[in-house]
Every structure is written in C-alpha cells, then in structure tokens.
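Take a look at the structure below.
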Amino acid sequence: MSIEQLRKEVMSDINSAKTREQCDAIRVKFLGRKEGKLTEILKSLKEMSVEEKRVIGSAANELRQYIEHELNKKTEYIVAHEQKKKNRFDVTKPGKRVVSGVLHPLTKVDKEVRTIFSSLNFTIVEGPELETEVYNFDSLNIPAGHSARDMWDTLWVKQAPNSEGLLMRTHTSPVQARYMESHNPPFQIIVPGRVFRYEATDASHEINFYQIEGLMVGPDITLANLKFVIETFFKKFFKQKIEFRYRPSYFPFVEPGIEVDIKLKGGKWLEVMGAGMVHRNVFDAVKYNHTELQGFAFGMGLDRLAMIKYGVPDVRLFYSGDIRFTKNFK
C-alpha cells in the first residue's frame, strides 16, 4: 500500500470516528509498534534503495505527524462534545425534588416562645450553664441542708478544695437572682436555656433539657398579673381555646406557690407550669426591699411544651439525632 493510499484510509477512519475509543483504535491501527500499517512501511525501509528511503521515509514521517495531529484534534472535539452534551439541560426530563433542611422542633418552639413573650414586653435574658451553688440554691431560698435540695439531683463539678461550689445548673432560676442583683425594678424578663439533672432517662425525663423561666417585679404585682400573662401566653402558643386550672403547690423561691394545668380541646388535664409570688427571702438575698416590692415567677419545660404541641410521646426523641424524626417538623 502506497503512502497516498494510506493517507486516504487514515482520513476516512478519522472522519468516521465518534468516540475516544475509536480514535485510540485508529492510533493502534496505523501507528502501533507491532502491527501498525505505517509502522510496517517504516520497518521496510531497510530493504529499499537510498533514493527510495529518502522519498518514502520523508513521506512516511510527514504522514505520521499528520495522523498524530488529526487524531489529537478529533479526540479534543469528541471530549468537548461529550461535556457539552452532559451539561445540556433537558427541559423534557422530570424535575428533581429539592430537599431542604428543617429547624429542630425544640428550636421552633424556643423561637415561638421568645416571640410571644417579646410581644408581651418581656426582655429575654440568658445566663451561664456552669453555675455556683450560691446562685443555684442559696440565693433562691434553698440553703445547705434544706430538704428542697433533694428535689434536684445535681451534677457537681470537681474543683480545688475550699473553692466555691460549682455545678451544672439544675434550673434557669439562678439567672433571675443574677439579674436582680444588677437591675432595679420594675422589669419583666424570661430566661430560656438548657438545664441539667443527674437522673435516669425515660419517656418523660432526660439528663439535659430546656426550661423557660419568667420573672416580673414591681410595686403592685399580683397573682392577677401572673394569671393574665400565663393565660395569654398559652392561648397564643397553642392557638386554640384552653381551660386553665390552678392548684396550690410548694416551691422554695415562691410563696404562695401554684401548679398550672391546662386542657386543650378534646384533651385531658396536663400539668405545664410551676409558678407563684417571689419569696421575701429571695428579695432579701438580692438586697430588694420586700415591703415595697412584689413579683411573680414561673417556670416550664420547653421540651414538655414541644411534646404537647407536636404529639411527641418520648422526650428522648428530641436528642436522638435521627434526621427521620426532625424531618417531620416542616
């Protein structure tokens, strides 16, 4: 086969190539070391005369360069075409559903609670989770040896001997004492945050959970004010008609103390909150004049509210980290 015939065959094969694999096959067919057609011509040069070697050898090298150039060009074209086809948007294809993230149910409830109390002119205050024994117990009328300390199984923090007792706060009430030390009444605040209890977990108990604490202090604050705030909050939160029931109870930092129960439409009575009028000893601890001031305080579990609102049967689901659970709260 002459060089010219070989060139025509190469051009025909390259023009017909549709894939990178076909280009590779053409390269082997003509330039392969063992059986390449052009390679065979170059091997046969040793049997030719000097003049034939000069003419055919020069033409063969020129064809080799031509084949390399045309194959590279065709391969680049095929790759570009494949990429363009890959990136082409097909308007006839079914659309893909966009999956978006969702807020955790406790985050949703926390945001809603903050919004409602802000609309009632309450200031949102936060405090440390690592707390001192003084603020967690002593300032709240729960001195050492007080039987009420048995109500909280406390996570104490190891420390140097004779240093101030440190613990993971068992409720958000310490922030009330801290706030009253540095602010003069009248004021009304809520304290949302995480608290810790050293206790066994079950469907209604966790070792850490969230609370919302409320405090209003002024010269003429009464239980009637407390009742109005509580009922307004729950009606806004559950967005339905609610029945309320108030029962006497005991909490060291309030006197009198009450438990608040609610009944949603078609439901049963549910205990949702502890509350009462701030105890005079708490005012004395923060240097308030208890003869001139009165106040109320209340506390409720954020997790408890979320369980009621969304019908969640087990508090541990909130802390499971299972995305299949959180995806239900869009």
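The values are calculated or read from the model by the stated rules, or taken from the named source; none is laboratory data. Everything numeric in this text was worked out from a predicted model, so none of it was measured. Neighbour counts run over all protein chains shown; Cβ positions are idealised from the backbone, glycine included. Only protein heavy atoms, including side chains, enter the accessible area calculation; ligands, DNA and RNA are left aside. Shrake-Rupley method; radii C 1.70, N 1.55, O 1.52, S 1.80 Å.
Listing for the model above:
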item	result
Answer residue from the stretch 230-260, given it is open to solvent by less than 30 Å² (accessible area, probe 1.4 Å) and touching an Asp or Glu at 6+ places or on another chain (Cβ under 7 Å) and is nearest to VAL282 (Cα to Cα) among those	GLU259
Criterion (at pLDDT 90 or above and either aromatic (Phe, Trp, Tyr) or in a loop (DSSP other than H, G, I, E, B) (or both)) met by exactly one of GLU131, GLU126	GLU126
Subset of the stretch 72-92 [of a type in the set (S, T, N, Q) and without any contact (Cβ under 8 Å) to a residue 24 or more places away in the chain]	ASN72, GLN83, ASN87, THR92
Residues of the stretch 287-330 satisfying the condition of being in contact (Cβ under 8 Å) with a residue 12 or more places away in the chain, in contact with a helix residue (DSSP H, G or I) (Cβ under 6 Å, 6 or more places away or on another chain) and part of a loop (DSSP other than H, G, I, E, B)	PHE329
Any hit, the stretch 155-176, residues being among the basic types (Lys, Arg) and surrounded by 19 or more Cβ atoms within 10 Å (Cβ to Cβ)	yes
The one condition in (1) of a type outside the set (A, V, I, L, M); (2) open to solvent by 40 Å² or more (accessible area, probe 1.4 Å); (3) touching a Lys or Arg at 6+ places or on another chain (Cβ under 9 Å) that GLN65 fails to fulfil	(3)
Cβ pairs under 8 Å, 6+ apart, first in the stretch 93-107 and touching a residue at least 60 places away in the same chain (Cβ under 8 Å), second basic (Lys, Arg) and open to solvent by 60 Å² or more (accessible area, probe 1.4 Å)	VAL102/LYS327; VAL102/LYS330; LEU103/LYS111
Criterion violated by ALA148 - all others in (1) under 30 Å from ASP220 (Cβ atoms); (2) loosely packed, with under 13 Cβ neighbours inside 10 Å; (3) not acidic (Asp, Glu) satisfied	(2)
Unmet criterion (only one of (1) over 33 Å from the mean Cα position of the chain (by Cα); (2) within 22 Å of SER139 (Cα to Cα); (3) of a type outside the set (Ser, Thr, Tyr); (4) assigned to a strand (DSSP E or B)) for ASP284	(4)
Qualifying residue in the stretch 58-78 (condition: closer than 19 Å to SER2 by Cα, in a helix (DSSP H, G or I) and among the β-branched types (Val, Ile, Thr))	yes
